[in-house]
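What follows is one structure encoded as structure tokens, with my remarks underneath.
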Amino acid sequence: MTTTASPFNREQQHQQKRQAILSEAAKLFNRQGTRATTLAEIAARLQLTKTSLYYYVKTKEELIYLCYLNSCNEQDKLYRLAAAAGISGRQRIEQLTRAYFCSCQNIALKRQAEAAVLTEIKTLKDKHRKDISRRYRALYRGVRGFIEQGVADGSLVSRDPAATALAFFFNLQWTFTWLQMLKAEEIPAAGESFLDICLHGFATEPREPPRQTPALGSPAIEAGFDRSVQSQRKQAAFFRTGSRYFNSKGFKGTSLDEIARALDVTKGAFYYHIQSKEDLLYQCFKRTLDLTAQMQARARRSGDGLTQLQLCLHYLFCIQSSAEGPLVRYNLVNALDARRRKKVIELIRGVDRQFRQFVQTGIDDGSIRPLNTLVAEQMISGTLNASADLDERLPTAAPGRLSADFYQMLFDGISAQ
């Protein structure tokens, strides 16, 4: 005889209602960011009063933390299943990928509650941020362990398991941002395309990746008394420093006063050039996407489609560790207001389309295998977004060698077969 929990069980009712709140909050956080989402909006979506909502969560900070904690727990389940189901490192990577995409499909079909994408961990307060960051790092270490095992058992090939793990892990996290463009029934096929690229890469035949550090930026210009040149230089310094702080501390954790001190300028001088923190982030995005478009244009002048793509990504990778860097993370876009967010998303889609064109050119000329160009385009974006973390996780490697290691999964794949 089977038993079911009593509908009069108050603890169970409380947990079910709390889970409904977490799911609805996760939907809003994923689509418009934590900053733009209010508790009143979440309550209204659930047909609750704000007072009723406070019975389950006391603050928005607590709600974000609980959503992120739930996401980490759900992902941890997938990692444990992969560890138990596979024998080789490759089998575990395959199991994890398929389970992840299956979960995304179940969410799309409303068979499973939506979980918050872990894009704004740095907005949390100290205690919550440290806890979620610890759990997030544990997930990354799980991927790295699978890849290191695969290298050891001969099922995977990796120049640098840490760099490969970072590229794979961030791409897996990135998938939820683009799977929303697909119908639920298309998600498993997208998962197989994703896995195929991870294992076998873009290239028809392996080739030596670019390693030289390109000349970046413009020749030095003596500003003299030219105020317009001086102003441009100052603004460029604001955008570079702003990007660095936004990447490391998130939008909420970044202080304009802190950036002003880092640049050794007065607050008055700073605000002469920058209207607000949101304006600075918007300008950082415009600069990042302009640099990306410039590198795409430079790469288009070289060779076949694979060569163009390799050069472009190598150039952008080198910018991250150069005086021109860093590039701002795409997942900060939700910190912008709706109008600016829409403009930035349009610019991101523009550079993504060019990346897809590189892939299509390579397919047409035979340098890139026939593959799903939408999945390829989004994996390029995910890998670029991940590169902002390389200085933190792999700080000592030379840019040329690290670029080759980091992009190995994308171009050559990591399967030993």
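The values are calculated or read from the model by the stated rules, or taken from the named source; none is laboratory data. Since the model is a prediction, treat every value here as computed from it, not as a measurement. Please note: Cβ atoms are built from the backbone with ideal geometry, for glycine as well, and neighbour counts cover all protein chains shown. Note: accessible area is taken over every heavy atom of the protein model, side chains too, but ligands, DNA and RNA are not part of it. Shrake-Rupley method; radii C 1.70, N 1.55, O 1.52, S 1.80 Å.
Values for this structure:
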item: Fraction of accessible area attributable to carbon and sulfur, the chain (%, probe 1.4 Å); result: 51
item: Solvent-accessible heavy-atom area per residue, rounded to whole Å², over the chain at 1.4 Å; result: 47
item: Span-like helix ranges in the chain, DSSP H, alpha carbon extent 18 angstrom or more, Kyte mean at least 0.5; result: 161-179, 187-200, 305-320, 373-386
item: Region 100-144 and region 297-375: distance between their alpha carbon centers, rounded to Å; result: 25
item: For T204, distant residues with modelled amide H under 5 Å away; result: I368, R369
item: Percent of Cα pairs exceeding the 33 Å cut-off, where the set is the chain; result: 37
item: Listed residue (T123, H14, N106) projecting farthest to the positive dipole end of region 1-142, Cβ model; result: T123
item: In sequence order, calculated HN-Hα J values of region 52-57 (Karplus, 6.51, -1.76, 1.60; Hz; x Gly/Pro); result: 5, 4, 5, 5, 9, 9
item: Top positive-direction residue, dipole computed over the chain with Cβ charges, set L63, L306, S193; result: L63
item: Of K122/K342; K130/K183; K183/K342; K58/K127; K27/K127, those spanning more than 28 Å from alpha-carbon to alpha-carbon; result: K130/K183
